Amino acid sequence: MSEVKISAETRSEFGKGAARRIRRDNKVPGVLYGHGSDPLHLTFPGHELLLALRTPNVLIALDIDGKSNELAIPKSVQRDPLKGFLEHVDLQLVQRGETVTVEIPVLTEGELAPGGNLLEHVLGTLPVEAEATHIPESVTVSVEGLTAGASIHAKDITLPKGTKLAVEEDAVVIQVLAAQAEEAAEGEEAAEGGEAAEA
């Protein structure tokens, strides 16, 4: 897993006005939590943080005010719903060797069996426990040749060494649906809607 170094500054201004001023300077307001310490209000460089957060559960080495070095992982990221820029970020303090619970993306590879079946991600991310400095970026699951009705459970997914499931083993992560049944249901709904309009 990648470790990204970012310089941050402590901030003493709060509220919407202060947040707007911070963002105008191409910076992002945020809070660092964890280990029983008081939340630390910080300002991050916007572009560097945006690039770092492209990696899920990225490990961030924080240089705070040029003197305090801390390790953190993203816990909550707020983006502008239209423009996508970062509005606020919450980071969680971590230590090397510490076990943390995070959610990692589930990727798929391979082709489903012929027949126009649909792949449904019941869980888009998989909750796992991992050492803070060795969080996997994602897990990849093969769906090669799966037919309608097939499903992949959490226990079926091979996790990297040192990573454990933090969800029920029988939890369905991915399932294959028959496309025809869904299309027929949609057709019935459309017909009912048409009848309702006529009434």
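Could you run through the stretch 165-186 and say how many residues are open to solvent by 60 Å² or more (accessible area, probe 1.4 Å) and at pLDDT below 65? Within the stretch 165-186, residues that are open to solvent by 60 Å² or more (accessible area, probe 1.4 Å) and at pLDDT below 65 number 5. Here is a check on your reading of the model: is Glu9 modelled with pLDDT of 80 or more, open to solvent by 70 Å² or more (accessible area, probe 1.4 Å) and in a strand (DSSP E or B)? In short, yes. Just one of (1) without any contact (Cβ under 8 Å) to a residue 12 or more places away in the chain; (2) surrounded by 12 or more Cβ atoms within 10 Å (Cβ to Cβ); (3) of a type in the set (D, E, K, R) fails for Arg54. It is (2). Under 30 Å from Val31 (Cβ atoms) and modelled with pLDDT of 90 or more - does that describe any residue in the stretch 145-153? For the stretch 145-153, residues under 30 Å from Val31 (Cβ atoms) and modelled with pLDDT of 90 or more: absent.
Scanning the stretch 104-124 for residues that are touching a residue at least 40 places away in the same chain (Cβ under 8 Å) and touching a strand residue (DSSP E or B) at 6+ places or on another chain (Cβ under 7 Å) returns Ile104, Pro105, Val106, Thr108, Leu112, Asn117, Leu118, Leu119, Glu120, His121, Val122, Leu123. The condition of being assigned to a loop (DSSP other than H, G, I, E, B), surrounded by 13 or more Cβ atoms within 10 Å (Cβ to Cβ) and of a type outside the set (Asp, Glu) does not hold for Pro29. So which residues in the stretch 136-156 are surrounded by fewer than 17 Cβ atoms within 10 Å (Cβ to Cβ) and assigned to a loop (DSSP other than H, G, I, E, B), if there are any at all? Answer for the stretch 136-156, where residues must be surrounded by fewer than 17 Cβ atoms within 10 Å (Cβ to Cβ) and assigned to a loop (DSSP other than H, G, I, E, B): Glu137, Ser138, Glu144, Gly145, Thr147, Gly149, Ala150.
Scoring Thr133 on the criteria (1) closer than 30 Å to Val172 by Cβ; (2) in contact with a Leu (Cβ under 8 Å, 6 or more places away or on another chain); (3) open to solvent by less than 60 Å² (accessible area, probe 1.4 Å); (4) of a type in the set (S, T, N, Q) leaves a single failure, condition (1).
The values are calculated or read from the model by the stated rules, or taken from the named source; none is laboratory data. These numbers were taken from a predicted model, which means no experiment stands behind them. With ideal geometry, Cβ positions are generated from the backbone for all residues, glycine too; neighbour counts draw on all protein chains shown. Surface accessibility is based on the protein's heavy atoms, side chains included, excluding ligands, DNA and RNA. Shrake-Rupley method; radii C 1.70, N 1.55, O 1.52, S 1.80 Å.
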